[in-house]
Amino acid sequence: MTAALAWGLVAGMALTNLVVRGTPMAVMSRLRLPATVERWLGYIPVSVMAAIVAVQVLRPDGRYLPLAHNPYLFATLPTALVYRYTRSFLGATVIGILSFVALRYLLG
């Protein structure tokens with residue numbers, strides 16, 4: 001593959017991405033949606049993030065771990081609690097990392 005072809009592919013993918021994502025956003029930004037639809041659409045980012053996190057927590061490295069030996073799963077509890085009470089993403093991230101490292105050491 002030549003450099004020109006590679007850059008052409010990158011440019012084509014960027015243009016396609018812009019058209020596929022940008023057109024609906026441009027059209028929808030001009031419309032007034034009902035409050036129930038706006039509220040429903042507000043749950044999409046949270047749902048997507050939950051799905052991504054759940055897969056990584058329950059199946060790290062693509063395989064299930066026994067629940068009693070899954071530091072990923074146990075580290076979610078202090079992480080969630082810190083975020084719940086402080087609403088600090090940075091604080092929850094730091095606690096999550098520290099919890100995971102400690103649990104990985106303890107659970108071996």
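Every number here is computed from the coordinates shown, using simple stated rules; none is lab data. Everything numeric in this text was worked out from a predicted model, so none of it was measured. Here the Cβ positions follow ideal geometry from the backbone for every residue, glycine too, while neighbour counts run over all protein chains shown.
Values for this structure:
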item: Residue count, segment 1-60 (criterion: in contact with a Phe, Trp or Tyr (Cβ under 6 Å, 6 or more places away or on another chain) and among the hydrophobic types (A, V, I, L, M, F, W, C)); result: 1
item: Every residue from segment 51-62 that is more than 18 Å from I97 (Cα to Cα) and either surrounded by 10 or more Cβ atoms within 10 Å (Cβ to Cβ) or under 14 Å from the mean Cα position of the chain (by Cα) (or both); result: A51
item: Given (1) without any contact (Cβ under 8 Å) to a residue 24 or more places away in the chain; (2) touching a Pro at 6+ places or on another chain (Cβ under 9 Å); (3) assigned to a helix (DSSP H, G or I), index of the condition R104 fails; result: (1)
item: Hits in segment 1-38 - residues which are loosely packed, with under 10 Cβ neighbours inside 10 Å and not in a helix (DSSP H, G or I); result: M1, T2, R30, L31, R32, P34
